[in-house]
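The values are calculated or read from the model by the stated rules, or taken from the named source; none is laboratory data. These figures come from a predicted structure and were not determined experimentally. When we count neighbours, we look across all protein chains shown, and the Cβ atoms used for this are built from the backbone with ideal geometry, even at glycine.
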Amino acid sequence: MKRLIRRAEKTDMPEVLELIKELASFEKEEGAVEVTKEELMEDGFGSKPLFQCFIAEIDEIVAGIAIVYPRYSTWKGRVLHLEDL
């Protein structure tokens, strides 16, 4: 079994969106997902990326994601937020 963690590519965003939808379904929030794959592509890979995404693969199949983006803490200043591991 081959396992790999790598930075996501723009072409991964359809699979990323599917995992986001699966998580929403698990959380009983199927209708809450509003983001589109086009928005993920632009927001993550446009001229001013808003997030970074990491992909977990098992035998070259996307099995998990982690989305990281900057935010500001009133106590700590600049921090990175890890979403949907």
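Looking only at region 37-49, filter to residues that are in a loop (DSSP other than H, G, I, E, B) and of a type outside the set (D, E, K, R); which one of those is farthest from residue 19 (Cα to Cα)? My answer is 47. Residue 12 - would you say it is of a type in the set (D, E, K, R), modelled with pLDDT of 95 or more, touching a strand residue (DSSP E or B) at 6+ places or on another chain (Cβ under 8 Å) and surrounded by 12 or more Cβ atoms within 10 Å (Cβ to Cβ)? So residue 12 fits the description; yes.
Each row is one residue, and each column tells you yes or no for (1) out of contact with any strand residue (DSSP E or B) (no Cβ under 7 Å at 6 or more places or on another chain); (2) exposed (fewer than 11 other Cβ atoms within 10 Å of the Cβ); (3) at negative phi; (4) in a strand (DSSP E or B).
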position: 5; (1), (2), (3), (4): no, yes, yes, yes
position: 17; (1), (2), (3), (4): yes, no, yes, no
position: 35; (1), (2), (3), (4): yes, no, yes, no
position: 55; (1), (2), (3), (4): no, no, yes, yes
position: 66; (1), (2), (3), (4): no, no, yes, yes
position: 69; (1), (2), (3), (4): no, no, yes, yes
position: 72; (1), (2), (3), (4): no, yes, yes, yes
position: 75; (1), (2), (3), (4): yes, yes, yes, no
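Are any residues in region 48-85 farther than 24 Å from residue 27 by Cβ and under 17 Å from the mean Cα position of the chain (by Cα), and if so, which ones? Correct list: 48, 49, 70.
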